[in-house]
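The structure appears right after this line, and notes come after that.
The values are calculated or read from the model by the stated rules, or taken from the named source; none is laboratory data. Please read these numbers as outputs of a predicted model, since none were measured by experiment. No Cβ is skipped: glycine too gets one built from the backbone with ideal geometry, and neighbour counts run over all protein chains shown. Heads up: the accessible areas ignore ligands, DNA and RNA and are worked out on the full protein's heavy atoms, side chains in. Shrake-Rupley method; radii C 1.70, N 1.55, O 1.52, S 1.80 Å.
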Amino acid sequence: MVQKIAVSGKGGVGKTTVAAILARLLGREGRSVLVIDADPDSNMASAIGVPKEKREGIVPLSQMFDMIEERTGARPGQAAGGIFSLNPKVDDLVDKYGVEGKDGVKLLVLGTITSGGGGCFCPENSLLRALMRHVLFDKEQFVIMDMEAGIEHLGRGTAKNVDALVVVVEPGLRSLETASRIKSLAGDIGVTKIVAVLNKVSNQDEEELITKELEKIGISKAGAIPYNKGVISADLKGVSPLDLEENADVVDAVNNLKTFLIK
């Protein structure tokens with residue numbers, strides 16, 4: 001069963017929407033679900049239904065300098081050439097800093113770190129990578145990771161514990177080019193199961209054309225999600241797209257993706 005899922009794609013393709021709906025649908029089944037917001041442009045909180053007053057108080061882990069110094073022995077920005085722990089304590093971070101959204105889904109916002117595969121030699125990177133290893137090793141929990149266009153938060157030490165990398169692709173050449181780069185990066189660090197979900201699809205011809213282009217890249221299609229202005233409405237209202245009835249066709253499509261992945 002697929003339990004650890006990384007979601008990536010070009011900016012604006014709807015990967016946060018896909019990841020959020022997927023997480024909440026799993027939560028509705030009574031599963032333990034943790035969402036990792038690893039996108040520097042963090043907006044997962046509203047997408048999973050975290051109330052506005054709680055969203056405003058969220059601080060990304062990478063910006064918690066006092067906590068990072070306590071756990072690693074070095075303060076971000078002051079550790080160049082210094083010594084700090086490469087294996088800091090992280091097993092309590094989800095409980096301490098996780099924020100609960102709807103359907104029992106828990107969110108943890110990482111913030112920005114640099115360089116995939118290798119990574120920067122700094123205390124904040126050390127802490128976040130240790131955290132990633134910890135949550136991806138948990139066999140009882142579903143983990144949905146909302147990535148940026150690269151896969152910078154996945155290194156060689158964590159990639160082997162990701163069950164699937166879902167690349168969200170919208171109709172367009174730039175989105176396909178990004179998907180091709182993501183596939184190459186994923187292969188470099190050992191991610192082997194890569195699938196695509198088509199988003200904002202207007203018609204059957206469009207879906208067939210993009211599917212053929214993905215086949216040329218070497219990525220198989222796991223599902224297709226129709227274009228729906230209701231997703232934009234949800235974003236403008238600051239609510240989860242799952243909570244607007246007009247998005248029923250989008251939710252149904254993501255539910256099909258969920259079924260495909262976990263089986």
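For residues that are among the charged types (D, E, K, R) and without any contact (Cβ under 8 Å) to a residue 24 or more places away in the chain, scanning just region 67-109, find the one that is least open to solvent (accessible area, probe 1.4 Å). Steps first, please.
First pass over region 67-109, keeping only residues among the charged types (D, E, K, R): 69-71, 75, 89, 91-92, 95-96, 100, 102-103, 106.
Keeping just the survivors that are without any contact (Cβ under 8 Å) to a residue 24 or more places away in the chain gives 70, 89, 92, 95-96.
Working: 70: 132, 89: 110, 92: 32, 95: 118, 96: 123 Å².
This residue is 92.
Can you work out which of the residues in region 141-151 that are outside any strand (DSSP E or B) and at pLDDT 85 or above is least open to solvent (accessible area, probe 1.4 Å)? Break it down into steps so the answer makes sense when it comes.
Of the residues in region 141-151, the ones outside any strand (DSSP E or B) are 141, 147-151.
Within this subset, residues satisfying the condition of being at pLDDT 85 or above are 141, 147.
Values: 141: 30, 147: 1 Å².
Ranking the candidates gives 147 first.
Under 6 Å by Cβ, and 6 or more places apart or on different chains, what pairs join a residue from region 190-216 that is within 23 Å of residue 155 (Cα to Cα) with one that is of a type in the set (Lys, Arg) and surrounded by 15 or more Cβ atoms within 10 Å (Cβ to Cβ)?
194/183; 196/221
Might you check whether a residue that is over 15 Å from residue 38 (Cα atoms), in a strand (DSSP E or B), modelled with pLDDT of 85 or more and under 21 Å from the mean Cα position of the chain (by Cα) occurs anywhere in region 94-112? Full working, then the answer.
First, the residues of region 94-112 that are over 15 Å from residue 38 (Cα atoms): 95-96, 100-105.
Next, from what is left, pick out any that are in a strand (DSSP E or B): 100.
Now restrict to residues that are modelled with pLDDT of 85 or more: 100.
Next, only the ones that are under 21 Å from the mean Cα position of the chain (by Cα) stay: 100.
Yes, that holds for at least one residue.
Assess whether residue 29 counts as being modelled with pLDDT of 95 or more, open to solvent by 60 Å² or more (accessible area, probe 1.4 Å) and out of contact with any Ser or Thr (no Cβ under 6 Å at 6 or more places or on another chain).
Numbers: modelled with pLDDT of 95 or more: yes; open to solvent by 60 Å² or more (accessible area, probe 1.4 Å): yes; out of contact with any Ser or Thr (no Cβ under 6 Å at 6 or more places or on another chain): yes.
Spelling it out, residue 29 is indeed modelled with pLDDT of 95 or more, open to solvent by 60 Å² or more (accessible area, probe 1.4 Å) and out of contact with any Ser or Thr (no Cβ under 6 Å at 6 or more places or on another chain).
Please determine whether any residue of region 165-187 is outside any loop (DSSP other than H, G, I, E, B), at pLDDT 85 or above, closer than 23 Å to residue 33 by Cα and open to solvent by 10 Å² or more (accessible area, probe 1.4 Å).
Taking every residue of region 165-187 in turn, none turns out to be outside any loop (DSSP other than H, G, I, E, B), at pLDDT 85 or above, closer than 23 Å to residue 33 by Cα and open to solvent by 10 Å² or more (accessible area, probe 1.4 Å).
So which of 212, 216, 200 ends up being assigned to a strand (DSSP E or B) and open to solvent by 40 Å² or more (accessible area, probe 1.4 Å)? Spell out the reasoning first.
Numbers: 212 fails: assigned to a strand (DSSP E or B); 216 fails: assigned to a strand (DSSP E or B).
Testing whether each residue is assigned to a strand (DSSP E or B) and open to solvent by 40 Å² or more (accessible area, probe 1.4 Å) leaves just 200.
Return the pairs, sorted by first residue and then second, in which the second residue is among the small types (Gly, Ala, Ser) and part of a helix (DSSP H, G or I), the first residue lies in region 53-65 and is loosely packed, with under 14 Cβ neighbours inside 10 Å, the beta carbons are less than 8 Å apart, and the residues are 6+ apart or on different chains.
Within 8 Å, the pairs are 54/45.
Filter region 229-247 for residues that are part of a helix (DSSP H, G or I), aliphatic (A, V, I, L, M) and open to solvent by less than 50 Å² (accessible area, probe 1.4 Å); which is nearest to residue 19 (Cα to Cα)? Before the answer, list the steps.
Of the residues in region 229-247, the ones part of a helix (DSSP H, G or I) are 230-237, 241-243, 245-247.
Filter once more, keeping what is aliphatic (A, V, I, L, M): 231-232, 234, 236, 242.
Subset that is open to solvent by less than 50 Å² (accessible area, probe 1.4 Å): 231, 234, 242.
Working: 231: 13, 234: 15, 242: 11 Å.
Among those that are part of a helix (DSSP H, G or I), aliphatic (A, V, I, L, M) and open to solvent by less than 50 Å² (accessible area, probe 1.4 Å), it is 242.
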